[in-house]
Amino acid sequence: MRVAGLARHPKEDTIPETDEQLLEDFEAPVIENIAFECGDHVVYPHHGAGKVLKKELRKMFGEEREYLTIKILHNDMTVMVPCENAGIAGLRRIIDEEAVKTVLGVLTADVSDMPKNWNRRFKHNRDKIKTGEIGELAEVVRNLALREHEKGLSTGEKQMYTRTKKILASELMYALEKTEDEAEAYLDDLLAASAAEKLGAAPAK
């Protein structure tokens with residue numbers, strides 16, 4: 001179980017080679033604290049969407065505080081976040097219908113400019129992911145999906161693409177009321193169709 005406290009400062013001069021390093025470098029955006037309750041679906045930036053299982057007082061590190069226990073479905077991880085630090089951790093509610101339309105628009109839009117150098121491109125995308133904004137996450141997924149169809153991805157970018165796509169699908173699962181498999185298939189089909197339209201090839205079946 002992972003216990004979230006204050007976010008660590010990112011190491012801007014390094015490029016992580018693994019998901020765990022990318023996670024350690026993550027600094028969540030500070031947002032307004034929201035009073036979450038048991039059963040709420042929430043998004044924990046860089047981990048994905050999950051469900052609040054418990055809200056209870058616990059004594060940890062010699063101090064008694066109220067904690068949220070959150071189950072992240074797509075990676076079967078459980079995290080604990082102090083209620084008073086929910087905003088610091090970047091916890092937010094699942095996007096609404098209008099925001100879903102915006103995200104789908106981003107996913108099917110044209111690719112945005114990215115550095116040609118692999119290291120710079122990786123850092124460029126990593127910085128977008130670190131914002132915790134779903135629109136930025138969707139942009140990274142779209143750009144990597146198009147690049148994969150057109151030129152292929154390096155090992156590091158493949159890992160980033162797989163992880164960000166799962167995080168995005170985990171939120172769309174709740175927002176669109178789908179199962180995990182349905183949400184991932186929906187996202188894959190959308191990206192494949194969009195890439196085929198832009199690159200002039202038939203989508204893979």
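Worth pointing out:
- Amide H within-cut-off set for L73, under 5 Å, with H built and near neighbours excluded: K51
- Which of G105, N119, G135, positive extreme of dipole for region 88-205 (C-beta unit charges): N119
- The trypsin sites (Lys or Arg not before Pro) of region 76-182 that DSSP puts in a loop, and whose beta carbon has at most 16 other beta carbons within 10 Å, are K116, K151, K178.
- Basic side chains Lys and Arg get +1 at the Cβ, acidic Asp and Glu get -1 at the Cβ, and with that the dipole of region 97-199 about its Cα centre reaches some 800 debye.
- Derived scalar couplings between HN and Hα for region 161-171 equal 4, 4, 5, 5, 5, 5, 5, 5, 4, 5, 7 Hz in order, rounded to whole Hz, by the Karplus curve 6.51 cos²θ - 1.76 cosθ + 1.60 (θ = phi - 60°), x for Gly and Pro.
- Approximate spin-label separation S112-L57, in nm, with each point projected 7 Å along Cα-to-Cβ: 4.6
- For region 32-108, GluC sites (Glu not before Pro) meeting the loop criterion (DSSP other than H, G, I, E, B) and having at most 10 other Cβ atoms within 10 Å: E32, E37.
- Each residue of region 130-139 was assigned a 3J(HN,Hα) from its phi angle through the Karplus expression (A = 6.51, B = -1.76, C = 1.60, θ = phi - 60°), giving 5, 5, x, 7, 5, x, 5, 4, 4, 5 Hz with x at Gly and Pro.
- The chymotrypsin sites (Phe, Trp or Tyr not before Pro) of region 47-139 that DSSP puts in a loop, and whose beta carbon has at most 16 other beta carbons within 10 Å, are F61.
All of the numbers you see were taken from the coordinates with simple rules; none came from a lab. Owing to the predicted nature of the structure, the values given are computational and were not obtained by experimental measurement. Counting neighbours? That spans all protein chains shown, and the Cβs are built from the backbone with ideal geometry, glycine included.
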